[in-house]
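First the structure, in the form of structure tokens, and then the observations on it.
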Amino acid sequence: WKRDILTTTTAGQTMKVESGAEELKLPFQYTIGIALRPSAKLTITIDYDARKYGDAVYEPTPDTTYKPWLTNHTFRGGLEYKAAKWLQIRGGFREEAQTVAVEGAALLQNPIRGAVYSFGFGLNFNPLFFDFAYEYGHTKYEDMWESNVNYNTIDKHEFSLETCIKF
């Protein structure tokens, strides 16, 4: 990075140029899962996701390092039911974990957690395909300060639509 610093005082202006480099080392992250098909119409999926952000090292200068985030592990699961040759119905759940703990937390290694529920369907009109999905995410936590407590709620509604032509 490089930045110009312009300082204005009653004596005049001075220009100073600073430059440097920062380094962020991200650890290995992985997801492992399994898909089960108990019948030709039903698929069940479960996976485990490990984001080891707690091992990430940020070096703003060669002699200074920080570990600014927390590690989080989450589970996800989903179902797909093939109601007809042209219609698939899907539903799922996943944990959503932040890389920070709540302010004033007794256990600082535990990240803020929420839940995300999803529903969707797919339409197959060969060679044209449509996929629609809706997700509702809810996270609730308390930041505890010396003088007060903040009650935080994050609600998210997300829609997606995908179309494609397969040759």
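The values are calculated or read from the model by the stated rules, or taken from the named source; none is laboratory data. Note that the structure is predicted; figures quoted are calculated from it, not measured. Cβ coordinates were reconstructed from backbone atoms using ideal geometry, including for glycine residues, and neighbour counts include every protein chain displayed. Ligands, DNA and RNA are excluded from the accessible area calculation, which covers all protein heavy atoms including side chains. Shrake-Rupley method; radii C 1.70, N 1.55, O 1.52, S 1.80 Å.
Which lysines does Lys67 reach when only Cα atoms under 27 Å apart count, and residues fewer than 8 places away in its own chain are ignored?
Lys2, Lys25, Lys52, Lys140
I need the shape label for region 47-93. Rule: rounded when a/c is under 1.5, else prolate if a/b > b/c, else oblate, with a, b, c from the alpha carbon gyration tensor. Numbers along the way, then the final one.
Working: a/c = 7.56, a/b = 4.17, b/c = 1.81.
It comes out prolate by the Cα gyration axes.
Setting aside same-chain residues fewer than 8 positions from Lys82, which lysines have a Cα under 22 Å from its Cα?
Lys41, Lys166
Between rounded, prolate and oblate, where does region 1-70 land on the alpha carbon gyration tensor, with a ≥ b ≥ c its root eigenvalues, rounded for a/c under 1.5, else prolate if a/b exceeds b/c? Working shown, then result.
Numbers: a/c = 5.86, a/b = 3.38, b/c = 1.74.
Cα axes put region 1-70 in the prolate bin.
Measuring with a 1.4 Å probe in the full set of protein chains, what accessible area per residue, in whole Å², belongs to region 24-71? Mind showing how you got there, number by number?
Working: 3370 Å² over 48 residues.
On a per-residue basis, 70 Å².
Which of the aspartates and glutamates could a cross-linker bridge to Lys156, judged by Cα under 16 Å and excluding same-chain residues fewer than eight apart?
Cα-Cα hits under 16 Å: Glu95, Glu96, Glu135.
Report, by chain and number, residues whose modeled amide H sits under 5 Å from the one on Val102, excluding near sequence neighbours (fewer than 5 apart, same chain).
Answer set, sorted by chain and number: Ile112.
Separation between the Asn152 and Asp63 pseudo-spin-labels, each 7 Å from Cα along Cα→Cβ, expressed in nm?
3.4 nm
For the pair Lys41/Asp143, report the inter-label distance in nm, with labels modelled 7 Å from Cα in the Cβ direction.
The two pseudo-label positions are separated by 5.0 nm.
Just order 69-77, 121-129 by mean Cβ neighbour count inside 10 Å, highest at the front, would you? Could you put the intermediate results ahead of the total?
Working: 69-77: 16.8, 121-129: 12.9.
The packing order, highest mean first, is 69-77, 121-129.
If one computes the Cα centroid of region 42-105 and of region 111-167, what distance in Å separates the two points?
13 Å
May I ask for the net charge around Lys25, where only other residues with Cβ less than 9 Å from the Cβ of Lys25 are counted and Lys, Arg are +1 while Asp, Glu are -1? Spell out each step's value before the answer.
Working: positive: none; negative: Glu23, Asp55, Glu59.
Result for the neighbourhood of Lys25: -3.
Highest mean first, what order results for 85-91, 97-103 on Cβ atoms within 10 Å? Can you show the working numbers first?
Numbers: 85-91: 13.7, 97-103: 16.6.
Packing proxy ranking, top to bottom: 97-103, 85-91.
Between Thr9 and Ser160, what is 0.36 nm times their sequence separation minus the Cα-Cα distance? Round to one decimal in nm.
Values: separation 151, 0.36 × 151 = 54.36 nm, distance 5.35 nm.
Computed gain between Thr9 and Ser160 is 49.0 nm.
Full extension from Glu23 to Leu107: what is 0.36 nm times the residue separation minus their Cα-Cα distance, to one decimal in nm? Walk me through the intermediate numbers first.
Values: separation 84, 0.36 × 84 = 30.24 nm, distance 2.83 nm.
So the chain would gain 27.4 nm between Glu23 and Leu107.
Which option, [x] 44, 23, 18; [y] 39, 18, 16; [z] 26, 20, 15, is the value of semi-axes √(5λ) of the Cα gyration tensor in Å that was calculated from these coordinates?
The listed entry that was calculated here is [x].
Students sometimes get this wrong: rank Phe28, Phe119 by accessible area, probe 1.4 Å, all chains present, largest first. Walk me through the numbers before you get to the answer.
On the way: Phe28 155, Phe119 110 Å².
Greatest to least solvent exposure: Phe28, Phe119.
Pop the C-beta distance of Leu79 and Leu123 into the FRET formula with R0 = 30 Å and round what comes out to the nearest 0.05. Show your work: numbers first, answer last.
Values: r = 18 Å, r/R0 = 0.59.
After rounding, the FRET efficiency stands at 0.95.
Probe radius 1.4 Å, ligands and nucleic acids ignored: give me the carbon and sulfur share of the accessible area of the chain as a rounded percent. Walk me through the intermediate numbers first.
On the way: 7040 of 12120 Å².
Roughly 58 percent, rounded to a whole number.
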